[in-house]
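Comments concern the structure below.
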Amino acid sequence: MAEISDAIAMIKKAESDAEQLIVDSQAQSNDLIAESKAKAEEIISQAKGAAEEEAKNTVFDAEDKAKNEAADIAKQSEADVASIKDKAMANVDEAASIIVKNIL
């Protein structure tokens, strides 16, 4: 009878150990899940920050490029206007001379 009692005690102990192992495993699993979620949120936050910074840099670069292009266009326009003005002024004297000749 003692052997049966010992066997029952061992079975109950094994069941208890198994239940405790399940509880411990679930707790460890929950801890790992929480840790993974926290790491994922941190990585996502860092990625968002990096993306926002890159977007800002891209906008600033585009603005600088546009400003430089606008300045180049303005310089070219000024040069074109000066050239047209010089050509027109050269024709003014000739036109005035023709008008004077025709009037007189």
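Could you tell me whether segment 88-96 includes any residue that is exposed (fewer than 10 other Cβ atoms within 10 Å of the Cβ) and of a type in the set (D, E, K, R)?
Within segment 88-96, one or more residues are exposed (fewer than 10 other Cβ atoms within 10 Å of the Cβ) and of a type in the set (D, E, K, R).
Out of 75, 12, 101, 65, report the one residue that is exposed (fewer than 10 other Cβ atoms within 10 Å of the Cβ), among the charged types (D, E, K, R), part of a helix (DSSP H, G or I) and out of contact with any Phe, Trp or Tyr (no Cβ under 8 Å at 6 or more places or on another chain).
101
A short reminder: the numbers here are calculations on the coordinates, not readings from a lab. Everything numeric in this text was worked out from a predicted model, so none of it was measured. When we count neighbours, we look across all protein chains shown, and the Cβ atoms used for this are built from the backbone with ideal geometry, even at glycine.
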